[in-house]
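Q: Shown below is the structure under consideration.
Every read-out reported here was derived from the displayed coordinates using simple, explicitly stated rules and does not represent laboratory data. Predicted, not measured: the structure shown is a model, and the values here were computed from it. Cβ placement follows ideal geometry from the backbone for every residue including glycine, while neighbour counts extend to all protein chains displayed.
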Amino acid sequence: MNIFRFLGDLSHLTSILILIHKIQTSRSCRGISYKTQLLYVIVFVSRYLDLVWTYVSLYNSLMKLFFISSSSYILYLIKIRFRPTLDPSIDTFSLPYLIIPAAILSLIFNYADEKAWLSEVLWSFSIYLESVAILPQLFLLQRTGEAETITTHYLFALGAYRALYIPNWIYRYATESFVDPIAIISGLIQTALYADFFYIYFTKVIRGQKFELPA
Amino acid sequence: HVHTHAHDEL
């Protein structure tokens, strides 16, 4: 564990708490993409189910449990509790375009060996899917052209999480000679997808202005 | 240590 990864994990955890807070206090999931949240449940279940047969540390297991349960809870909030506030007509990104390529890539590029085939394929699938899981949310943002400030804080914390993993990988390369090309390439792509959002967040939201996309 | 995923990363 190093400081970058720890801060990244905290940022990830914070983003989820912000989202739950936003939905519960406004009693609405307005501006939130159900499809992105569904993808995160798929990502976390396919990656973290290994907590059943792999023990790394108490921290690791508790975080995995948190991510699986909180993302499922968010799905419940959106799809059942506050379902009337959901507007499917603006959440139109097609999920097969993301899930199918991630599945194909995971069958081709993975770290599977004789001992661990399924778990390694599932792991790489979850990494590929996570790298693009934010697209339905960004697409929704693009369509509405604006966002509540709390939603932008959620997105910033979520983007900061993968951005912080980049110095973590550099640090691990320097100190342990450890390189994980699948995680690194996917992580770089995932972070790059936030570039536009980060730009508007830093130039507008941080200065107290409303998040609005240029017309 | 190269070419395996980091099991300690989330």
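Q: When the dipole is taken about the Cα centre of chain A, and only Lys, Arg (+1) and Asp, Glu (-1) are charged at their Cβ, what size is it in debye, to the nearest 20?
A: Working: 17 positive and 14 negative charges, 150 e Å.
Roughly 720 debye for chain A.
Q: Moving to a separate point now. Hey, can you rank A:59-72, A:126-139 by average C-beta count inside 10 Å, highest first?
A: A:126-139, A:59-72
Q: Here's a follow-up. In a Gaussian network model over chain A where Cα atoms closer than 10 Å are linked, find which of A:157, A:174, A:112 has the largest mean-square fluctuation.
A: Looking only at A:157, A:174, A:112, the biggest GNM fluctuation is shown by A:174.
Q: Continuing with the same structure: How much length would be gained if the chain were fully extended between residue A:100 and residue A:193, taking 0.36 nm per residue of separation minus their Cα-Cα distance, in nm to one decimal?
A: 31.6 nm
Q: When chain A is treated as a GNM, springs tying every alpha-carbon pair under 10 Å, which of A:115, A:79, A:35 comes out with the largest mean-square fluctuation?
A: A:115
Q: Between A:82, A:116, A:4, whose Cα lies farthest towards the positive end of the dipole of chain A when Lys and Arg beta carbons carry +1 and Asp and Glu beta carbons carry -1, centred on the Cα centre?
A: Farthest towards the positive pole: A:82.
Q: Further, regarding this structure: Which of A:41, A:52, A:179 comes first, and how do the rest follow, when ranked by fewest Cβ neighbours within 10 Å? Each step should come with its number before you reach the end.
A: Values: A:41 18, A:52 9, A:179 15.
Final ranking by Cβ density, sparse to dense: A:52, A:179, A:41.
Q: Taking the Cα centre of the protein assembly as shown as the origin and placing charges on Cβ (Lys, Arg +1; Asp, Glu -1), which of A:201, A:59, A:107 is farthest toward the positive end of the dipole?
A: A:201
Q: What is the dipole size for region A:1-111, taken about its Cα centre, with +1 at each Lys and Arg Cβ and -1 at each Asp and Glu Cβ, in debye to the nearest 20? Could the numbers behind the result be given before it?
A: Working: 10 positive and 4 negative charges, 64 e Å.
It works out to roughly 300 debye.
Q: Within the protein assembly as shown, how many Lys pairs sit with Cα atoms under 25 Å apart, leaving out pairs fewer than 8 places apart on the same chain?
A: Step by step, the pairs that qualify in the protein assembly as shown add up to 10.
Q: Also, I was wondering about something else. Could you tell me the calculated FRET efficiency between residue A:73 and residue A:174, based on Cβ-Cβ distance and R0 = 41 angstrom, to the nearest 0.05?
A: On the way: r = 38 Å, r/R0 = 0.93.
The calculated FRET efficiency here is 0.60.
Q: Taking H as built 1.01 Å from N, whose amide H comes closer than 5 Å to the amide H of residue A:212, not counting residues under 5 places away?
A: Distant-sequence amide H within range of residue A:212: zero hits.
Q: Rounded, prolate or oblate for chain A? Axes are the square roots of the Cα gyration tensor eigenvalues, ordered a ≥ b ≥ c, and the cut-off for rounded is a/c under 1.5.
A: prolate
Q: When you look at the Cβ of every residue in A:164-172, what mean number of other chain Cβ atoms sits within 10 Å?
A: 1
Q: While we're looking at this one, here's another question. Full extension from residue A:89 to residue A:61: what is 0.36 nm times the residue separation minus their Cα-Cα distance, to one decimal in nm?
A: 6.3 nm
Q: Still on this model: Return the whole-Å distance between the Cα centroid of region A:106-149 and the Cα centroid of region A:1-65.
A: When both Cα centres are located, 14 Å separates them.
Q: Can you sort A:201, A:48 so the residue with the fewest Cβ neighbours within 10 Å comes first?
A: Ascending Cβ contact count within 10 Å gives the list A:201, A:48.
Q: Another question about this same structure. Which residue, A:25, A:70, A:13, has the largest displacement toward the positive end of the dipole of chain A when charges sit on each Cβ (Lys, Arg +1; Asp, Glu -1)?
A: A:25
Q: Comparing A:150, A:80, A:16, which has the greatest mean-square fluctuation in the GNM of chain A with Cα pairs linked when under 10 Å apart?
A: A:80
Q: Still on this model: Stretched out fully, how many nm does the piece from residue A:203 to residue A:1 gain, at 0.36 nm a residue minus the Cα gap?
A: 69.5 nm
Q: Calculate one ³J(HN,Hα) per residue across region A:77-83 by plugging θ = phi - 60° into the Karplus curve 6.51 cos²θ - 1.76 cosθ + 1.60, and present them in order as whole Hz with x for glycine and proline.
A: Computed from phi, the couplings for region A:77-83 are 4, 6, 8, 10, 4, 10, 3 Hz.
Q: Per DSSP helix of 4 or more residues, -39500 (n - 2.57); summed, then divided by the residues of chain A. What does that give at 222 nm, rounded to the nearest 500?
A: Helices in chain A give a 222 nm mean residue ellipticity of -22500 deg cm²/dmol.
Q: Ranking A:176, B:9 by Cβ neighbours within 10 Å, fewest first, what do you get? It would help to have the intermediate numbers written out before the result.
A: Numbers: A:176 11, B:9 19.
Ascending Cβ contact count within 10 Å gives the list A:176, B:9.
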